[in-house]
Amino acid sequence: MTDPHRPLYHFTPAKNWMNDPIPFFWDGVHHIFFQHNPEAPGWGNMHWGHAVSRDLVHWEELPIALVPTPGGPDREGVWTGSVVEHDKTFYAFYTGQPGQVQCLATSRDLIHWEKHPGNPIIARRPDGYGDCFRDPQVWREQDAWFMVIGSEQPDHKGGAALLYRSENLNEWQYQHPLLLGDVRQTDFEFECPDFFPLGGKSVFLSSQNNTWWQTGTYDSGRFTPEHIAPADGDKFYAAKTLHDRRGRRLLFGWLREGRSDDEMRTAGWAGVLSLPRQLTLQRDGTLGFAPPSELNALRGRHQHFEALTVADGLHVLDGVQGDVLEVLVQFEPTDTAGIGLSVRCAPDGADGVELLYDPRTQRFGNVPLALDRRDGLALHVYIDRSVIESFANGRACQARRTYPTRPDCLHIALCARGGTVRVKSVDVWEMKPLCPA
Ligand code: DQQ
């Protein structure tokens, strides 16, 4: 039976479970390895699935890349990590279970992988940190390799990003923390760390409840944050980046489901790869997020509206219908309490998912967004059945999941809360499905 909630232009494996993406770019191809349970649509039995794309739009699922080795240090799971290339060999670093030990596998083609005979390559965590010790991220710096492992300080004080160094990618020496977090800012542990340069600064990503970003300065193996915020709400998780041929830093996250275990079991699939988000360092030092232009290839039939006025409440867009759409709305600047869209709503505007910006609290959903008084809200929304991904002014994102039971939840309404709002323009495109319905 077809599932009306399964997305049509987002990647999900053919069946069963996915979580954490592990992005890697090589030779014109975007690779996404991902946490995959090939036997059930629920978390557990972690393997590395693999999908590739040449255009960031069409994804092909390849054979499973990494499987737990019976009797090996990853016998209970091949958890998240990262991939690098050196001298025509690819190195996949990951956390093996049980015990959260760090392991290595190598490959000449990114398809066939061999586990390192000396696994685990890091068997013990440094003293003084808590249970979390996982998700190794590796990069090259001048004459050495560096790895950061996600960990936690004792007593839930905050995350710890533990820095290792290696000359040969096999033997690693612990250095010191790259960064110690504060539970009040970035939660109690750093899952899925990712660390990279961007626009003259450095960026550190970590996950716990949300994915968090921190921009700041890096010097002698230590990162000093200057700006910190959540990257999105709690439906966008374990997000990590790749650096592609065009010099872009692209962020991919796992879009969590909002269904029960039973519903996922019945559906036979769970977990979605987010659309890529192109990261930029903004003039004020914060992080910017934009959908890459390749996504425009999905655009089909177009509708355009201009100069609309929305009195306090909802204004359903006439003649717009669908659950596989892209919507771009340009609002005039306003002080009204809430402006935005209700998507996948019923013909009368009820039961939709509201994507609201509040100019008084300067928040877009969960995420801070300080718009200048002269700037109107520019809201860019991708609707793909149960998946809603939105970008506000290229600076804040909000991913949501929705599983409407009413078949007529196919409409879009402009929203104004506590006042009248003027809308410069609305563009709506039907998106071409990539997957069979
Ligand atoms: N998921 C992985 C862990 C990681 C967590 C296991 C984040 O390695 O910390 O599937 O979702």
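Over region 299-431, what relative contact order in percent results from Cα pairs under 8 Å that are six or more residues apart?
Working: 352 pairs, mean separation 61.2, N = 133.
Relative CO of region 299-431 lands at 46 percent.
Shape of region 240-340 from its Cα gyration tensor (a ≥ b ≥ c, root eigenvalues): rounded if a/c is under 1.5, otherwise prolate when a/b > b/c, or oblate? Spell out each step's value before the answer.
Working: a/c = 1.70, a/b = 1.15, b/c = 1.48.
Judged from the Cα gyration tensor, region 240-340 comes out oblate (a/c at least 1.5, b/c at or above a/b).
Grab the beta carbon distance between His176 and Arg124, set R0 = 22 Å, and tell me the FRET efficiency rounded to 0.05. Could you put the intermediate results ahead of the total?
Numbers: r = 16 Å, r/R0 = 0.73.
After rounding to 0.05, the efficiency reads 0.85.
Less than 21 Å apart at the alpha-carbon level, and either on another chain or at least 8 residues along: which lysines does that give for Lys88?
Cα-Cα hits under 21 Å: Lys115.
Got the relative contact order for the chain handy, in percent, Cα pairs under 8 Å and 6 or more residues apart? Don't jump to the answer; show the numbers that get you there.
Numbers: 1228 pairs, mean separation 61.3, N = 437.
Rounded, it is 14 percent for the chain.
Once you put a point 7 Å from the Cα of Arg406 and another 7 Å from the Cα of Gln303, both along the Cβ direction, what distance in nm separates them?
1.7 nm
Pick out which of Asn393, Asn37, Asn170 has the largest mean-square fluctuation in a Gaussian network model of the chain, springs linking Cα atoms closer than 10 Å.
Maximum among the listed residues: Asn170.
How high is the FRET efficiency between Asp348 and Arg245 when r is their beta carbon distance and R₀ equals 56 Å, given to the nearest 0.05?
Numbers: r = 48 Å, r/R0 = 0.85.
Step by step, r from the Cβ atoms, then E = 0.70.
Solvent-accessible area per residue for the chain at a 1.4 Å probe radius, Å²?
Details: 17670 Å² over 437 residues.
I get 40 Å² per residue for this part.
How much FRET efficiency would the formula 1/(1 + (r/R0)^6) give for Arg108 and Glu167, where r is the Cβ-Cβ distance and R0 is 22 Å, rounded to 0.05? Let's see the in-between values first.
On the way: r = 22 Å, r/R0 = 0.99.
Calculated value: 0.50.
Going Cα to Cα from Lys235, which aspartates and glutamates come in below 13 Å? Please leave out same-chain ones fewer than 8 positions away.
Asp20, Glu257, Glu389
Hey, in the GNM for the chain with a 10 angstrom Cα cutoff, which one of Arg401, Arg301, Arg249 fluctuates hardest?
Arg301
What figure in square angstrom, to the nearest 10, would you give for the accessible area of Val57 with a 1.4 Å probe?
Accessible surface of Val57 is approximately 10 Å².
Determine the share of the chain's accessible area contributed by carbon and sulfur atoms, expressed in whole percent, with a 1.4 angstrom probe. Intermediate results must be reported in sequence, preceding the final value.
Details: 8380 of 17670 Å².
C and S atoms contribute 47 percent here.
Name the shape class, rounded, prolate or oblate, that the alpha-carbon gyration tensor gives for the chain, where a ≥ b ≥ c are the square roots of its eigenvalues, rounded holds for a/c under 1.5, and otherwise prolate holds if a/b is larger than b/c and oblate otherwise.
Values: a/c = 2.04, a/b = 1.53, b/c = 1.33.
Note, shape of the chain comes out prolate.
Only Cα pairs within less than 10 Å get springs; with that Gaussian network setup on the chain, which residue of Val101, Val320, Val203 has the largest fluctuation?
The residue with the greatest mean-square fluctuation here is Val320.
What distance in nm lies between label points placed 7 Å from Cα along the C-beta direction at His227 and Asn209?
2.2 nm
Along the Cα→Cβ direction, 7 angstrom out, place labels at Asp55 and Asp427. What is the inter-label distance in nm?
1.9 nm
Decide, for region 267-316, between rounded, prolate and oblate: order the square roots of the alpha carbon gyration tensor eigenvalues as a ≥ b ≥ c, take rounded if a/c falls under 1.5, and otherwise choose prolate if a/b is larger than b/c, else oblate.
Details: a/c = 1.69, a/b = 1.18, b/c = 1.43.
Since a/c reaches 1.5 but b/c is at least a/b, the shape of region 267-316 is classed as oblate.
Percentage of Cα-Cα pair distances in region 1-120 greater than 19 Å, rounded to whole percent? Could the numbers behind the result be given before it?
On the way: 3301 of 7140 pairs.
When every Cα pair of region 1-120 is considered, 46 percent fall beyond 19 Å.
Cα to Cα, under 23 Å, and not fewer than 8 places away if on the same chain: which lysines meet these conditions relative to Lys201?
Correct list for Lys201: Lys240.
The values are calculated or read from the model by the stated rules, or taken from the named source; none is laboratory data. Being a predicted model, the structure only gives us computed values, none of them experimental. Heads up, the Cβs are rebuilt from the backbone with ideal geometry, glycines too, and the neighbour counts pull from every protein chain shown. Calculation scope for accessible area: heavy atoms of the full protein, side chains included, ligands and nucleic acids excluded. Shrake-Rupley method; radii C 1.70, N 1.55, O 1.52, S 1.80 Å.
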